[in-house]
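Each remark here refers to the structure printed beneath this line.
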Amino acid sequence: MAHHLPVQPEIRAELGARVDAVSARAHCSRPGEIAAELEAIRSLARRNGIRPAVTVIHAIDSALARGEHGALVQGWLAILRDAVDSDLSEPNAETLFTAACSVRLNG
């Protein structure tokens, strides 16, 4: 079992603020704009070992590519917010978010 170092609270706060900012503008943003902002979030999450967030962003990319927008994107961003705040000491955190995304993508 891999040991995870705790994520600094300021990193979680920054990621959360970025997700909230994307969410606040999602209704009027084009998919490419959302994807660009998510790429910055993905990079920061990856550097800090927040794999559940990286997993969710991958699923959001797929949803955007399928043409999802508006309220549908808001739902994805809520899952991303939960992933940013997830307890990485939980060994199944990434698996749980992968399953949630799979259910949401495939209905």
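Rule-based calculations on the coordinates, nothing more; no lab input. What you are looking at is a predicted structure, and each value in this text was computed from that prediction instead of being measured.
Per residue, the chain reaches -23500 deg cm²/dmol at 222 nm when only DSSP H runs of four or more residues are counted, each adding -39500 (n - 2.57). Between the entries (1) 29, 14, 12; (2) 24, 14, 12; (3) 22, 16, 10, the label attached to semi-axes √(5λ) of the Cα gyration tensor in Å calculated for this structure is (3). With respect to the chain, whose longest principal axis is taken over its alpha-carbon atoms, helix 31-47 is tilted by about 0°. Seen against the Cα atoms of the chain and their longest principal axis, helix 9-25 is set at about 10 degrees.
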